[in-house]
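Inspection log for the structure reproduced underneath, given as structure tokens.
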Amino acid sequence: MAVYFHGESRNFHLSNDRISYILTVLRNGHLGHLYFGKKLPDRESYNYLLEEALRPMTSNPYEGDRKFSLEHCLQEFPVYGSSDYREPAVEIREGNGSRITDPRFDSYRIYSGKPRLEGLPTTYTECPGEAETLEITLRDSVTNVCFILSFTVFMDYDAVARSCKICNNGTEPVHIERIMSFTLDLDDNYYDWIQFSGAWARERFPEKHRLHTGIQSITSARGHSGHMHNPFLILKRPSADEYQGEVFGFSLIYSGNFIIQAEVDTYGTSRIQMGINPFQFSWFLKPGETFTAPEGIAAYSSKGMNGLSGIFHQLYRERLIRGIWRDKERPVLINNWEATYFDFDEERLIDIAKKAHSAGIELFVLDDGWFGCRRDDTQGLGDWTPNKNILPDGIAGLSRRIEEECGMKFGLWFEPEMVNKKSVLYETHPDWILQAPYRKSCHGRHQYVLDFSRKDVVDYIYSSMAAVIKESRISYIKWDMNRSITECYSKVYPPEQQGEIFHRYILGVYDLYDRLTTEFPHILFESCASGGGRFDPGMMFYAPQGWTSDDTDAVERLKIQYGTSYCYPLNSMGAHVSIIPNHQLNRSTPLSTRFNTALFGVFGYEMDLTRLSDREFMEIKSQVEFVKEYRTLIHSGTFYRLLSPFENNEAAWMVVSHDKTEAITGYYKILNDVNAGFKRLKLAGLDESFQYTIEGKGIFSGAELMSAGLVINNPPEQDKTASDFRSEIFLLKSQK
Ligand code: DGJ
């Protein structure tokens, strides 16, 4: 892994053993892009990849020269106004109204390791040798605004991390109207665009279309990354599939309003950009101040989409998730939400916890409803003091009982960013919500959004959460966020800074997370936003796991977890077995299939175990034993998608251990069918020469299992009990 600089050509070449990323300083001092993809040998100059040609209807920066135009160039940090008409990476508005910026190469430095971005989540290195960073400073000579771009290449992950700082070294303030974290200009447009979109309870379904001329984008303007679109994009060659072919992935490490877009121009080039959504954004930058944009990651794989997912899984699992929980086994938990909703008292919780403990479950999580006057979702949010009518000795007493009487660890739900009007907090501080002057604010689920752009608000919430945590025995926190932001106006900022509030809000969220995770490093955090409404890499930096979706139906979960797996590792996806008929869909699926689906996530239960039959309880007991035996393999191995539930009446996936001696496969037949064909399921990621034993099946070489496939007893003519929603788990073990 290295970053090379060639003085004459002014080429920079970042590479590891598998990828190259090459950029150059253009004639006019702007940054040009030359190549990103499979590793290339280093050479003095790749500038021949730039076009200089006479084309009608282009504009040219140099008088008398009709060949050099930025419209023809692939660029790293494009701007509007100096002959490029595509969307820029940055837009600066000066006091005189000008929006023209001219960021010219000023200096560079190359160093080991990678930068941390103050107040923002980022990937990181643990020792300097893991990555190398190229930092380039560009300067606009009129305003003296500088742009510090950093590009990091990792030794072990085939990805480039980028970020950008804007420093106002001038004497006049400016407004940043747009700043993209990553711009990648590709020399053609022969790609499928795959976005991950949906809604509440059906998050991150892949949607594919061919790149077309013009702009296509996914965005959020909701104040959180959202259920609707995830800040992740795949571009793949149309012939690429899960196993082979060129694939790029773009992921923004940010939890607020975002944009990811592609602009295909008339010459067939594609400009990919990601960053803070410029809609409703504007940042007032005074002389001497610096603005830091979030980090963007672009990854490249020539081994198809499974290859690309492998890169993101490894990078995010090993160098985004932090703290003691990064490498620790995650506890099997039981959450009382679907078991009781708001209808509980201490004894009911203790009964569930005792039963759960006897099933081997390790962590009891108390969800919404334990504080203030909260007995339904219209009241109480903001008052983080235990309701003594239902918990006589508060959370301190309950958590002690859960540990001492029930033998389990204790976890607690909070929704720190919100307030109900019916609460002591709102009565005391009605001015603490986001609200435009003289206007009403919309509610969402009867709640209003606290102004987290204000330090005093964040300080208050920190103190009230910390007070509960300090007096109790809390090992886990579920941090929820159940509405999108509407009237995003803060009463404490001047008019010229109101465009900052969405971003400042999310910085406030990160600040609170930072304080809590620093002060209480033993606590495992799970992020949640009405299920998977803020399931993004920004959150993962603070909360190693996220509640993937409020939809706990096994069949829907197959799709949700399948879609989520394109970017996010299995140990980040909260997945629970719940009761039937399912509360979201009214569908009844076998307990085994609910288990076999949730197994490929961070496992838990969301049901009242005291109401199960003895047979069901015994089944759960053996499920928990199974999880404990295989969770390390599932959370640390390499994941492969085998059969997509979006394209088939079945689904399959598997995880293979690093030394390839062990693997676990999940196969799911969604609807039963009559007289179905003979089925061979082709496995992946095994060692061809190893002999794998599969209980109940036999011994097979890796080559057989991957090329000929594993025979599934699909037409169960003899099995009269077979019905819809069947599934099977196959364990593969080899001696090498
Ligand atoms: C939404 C979450 O996704 C649920 O799991 C639950 O915690 C509720 N909020 C509680 O209000």
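Residues that are over 19 Å from D185 (Cβ atoms) and without any contact (Cβ under 8 Å) to a residue 12 or more places away in the chain within segment 44-95 comprise P56, M57, E63, G64, D65, listed in sequence order. If you take the residues in segment 306-358 that are crowded, with 16+ Cβ neighbours inside 10 Å and hydroxyl-bearing (S, T, Y), which one is farthest from the ligand (Cβ to nearest atom)? Looking at residues that are crowded, with 16+ Cβ neighbours inside 10 Å and hydroxyl-bearing (S, T, Y), I get S309. How many of the residues in segment 486-506 are of a type in the set (A, V, I, L, M) and farther than 17 Å from D536 by Cα? Residues meeting the conditions: 2.
Has segment 544-557 got any residue that is within 14 Å of the ligand (Cβ to nearest atom) and more than 17 Å from H576 (Cβ to Cβ)? Within segment 544-557, not a single residue is within 14 Å of the ligand (Cβ to nearest atom) and more than 17 Å from H576 (Cβ to Cβ). Annotation note: of G268, G249, G296, G275, the sole residue that is touching a residue at least 12 places away in the same chain (Cβ under 8 Å) and either outside any strand (DSSP E or B) or hydroxyl-bearing (S, T, Y) (or both) is G268.
The residue of segment 504-559 that is surrounded by the most Cβ atoms within 10 Å (Cβ to Cβ), among those that are of a type in the set (D, E) and under 17 Å from I321 (Cβ atoms), is D536.
For segment 597-613, filtering for residues that are over 20 Å from the mean Cα position of the chain (by Cα), closer than 16 Å to D551 by Cβ and not hydroxyl-bearing (S, T, Y) leaves 3.
Let's see how each residue does on (1) of a type in the set (G, A, S); (2) over 22 Å from D84 (Cα atoms); (3) at pLDDT below 95:
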position	(1), (2), (3)
F105	no, no, no
R116	no, yes, yes
P128	no, yes, yes
I136	no, no, no
L149	no, no, no
M155	no, yes, no
A159	yes, yes, no
N169	no, yes, no
N189	no, no, no
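Okay, residues lined up against (1) in contact with a strand residue (DSSP E or B) (Cβ under 9 Å, 6 or more places away or on another chain); (2) touching a residue at least 24 places away in the same chain (Cβ under 8 Å); (3) hydroxyl-bearing (S, T, Y); (4) in a loop (DSSP other than H, G, I, E, B):
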residue	(1), (2), (3), (4)
F291	yes, yes, no, no
S309	yes, yes, yes, no
I321	yes, yes, no, yes
E329	no, yes, no, yes
E347	no, no, no, no
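Residues that are surrounded by fewer than 16 Cβ atoms within 10 Å (Cβ to Cβ) and out of contact with any Lys or Arg (no Cβ under 6 Å at 6 or more places or on another chain) within segment 444-463 comprise K455, D456, D459, S463, listed in sequence order. All conditions in (1) within 16 Å of the ligand (Cβ to nearest atom); (2) in contact with an Asp or Glu (Cβ under 8 Å, 6 or more places away or on another chain); (3) under 22 Å from H224 (Cβ atoms) hold for I433, with the sole exception of (1).
Filter segment 359-382 for residues that are of a type outside the set (F, W, Y), buried (at least 22 other Cβ atoms within 10 Å of the Cβ) and away from the ligand (no atom under 12 Å from the Cβ) and give the result. Correct list: I361, G382. Scanning segment 55-89 for residues that are surrounded by 15 or more Cβ atoms within 10 Å (Cβ to Cβ) and small (G, A, S) yields S69, G81, S82, S83, A89. Taking the listed residues R204, R222, the one that is in contact (Cβ under 8 Å) with a residue 40 or more places away in the chain, in a strand (DSSP E or B) and surrounded by 20 or more Cβ atoms within 10 Å (Cβ to Cβ) is R204, with no other qualifying.
Restricted to segment 470-504, and to residues there that are hydroxyl-bearing (S, T, Y) and within 16 Å of the ligand (Cβ to nearest atom), the residue that is farthest from I402 (Cα to Cα) is S484. Restricting E415, E405 to residues that are over 19 Å from E471 (Cβ atoms), among the acidic types (D, E) and either surrounded by fewer than 22 Cβ atoms within 10 Å (Cβ to Cβ) or at pLDDT 95 or above (or both) narrows the list to E415. Can we say Y124 is assigned to a loop (DSSP other than H, G, I, E, B) and surrounded by fewer than 23 Cβ atoms within 10 Å (Cβ to Cβ)? Considered against the rule, which asks whether it is assigned to a loop (DSSP other than H, G, I, E, B) and surrounded by fewer than 23 Cβ atoms within 10 Å (Cβ to Cβ), Y124 comes out as yes.
For every residue, the table says whether it meets (1) among the aromatic types (F, W, Y); (2) within 30 Å of A543 (Cβ to Cβ); (3) in contact with a His (Cβ under 6 Å, 6 or more places away or on another chain).
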{"site": "Y48", "(1), (2), (3)": "yes, no, no"}
{"site": "P56", "(1), (2), (3)": "no, no, no"}
{"site": "D65", "(1), (2), (3)": "no, no, no"}
{"site": "D84", "(1), (2), (3)": "no, no, no"}
{"site": "P103", "(1), (2), (3)": "no, no, no"}
{"site": "I110", "(1), (2), (3)": "no, no, no"}
{"site": "T123", "(1), (2), (3)": "no, yes, no"}
{"site": "A131", "(1), (2), (3)": "no, yes, no"}
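Counting only strands (runs of 3 or more DSSP E) that sit completely within segment 620-689, those holding 3 or more residues that are within 30 Å of K355 (Cα to Cα) and in contact (Cβ under 8 Å) with a residue 12 or more places away in the chain correspond to 662-669.
The values are calculated or read from the model by the stated rules, or taken from the named source; none is laboratory data. The structure displayed is predicted, hence computed values, not measured ones. For neighbour counting, all protein chains shown are included, and Cβ atoms are generated from backbone atoms with ideal geometry for every residue, glycine included.
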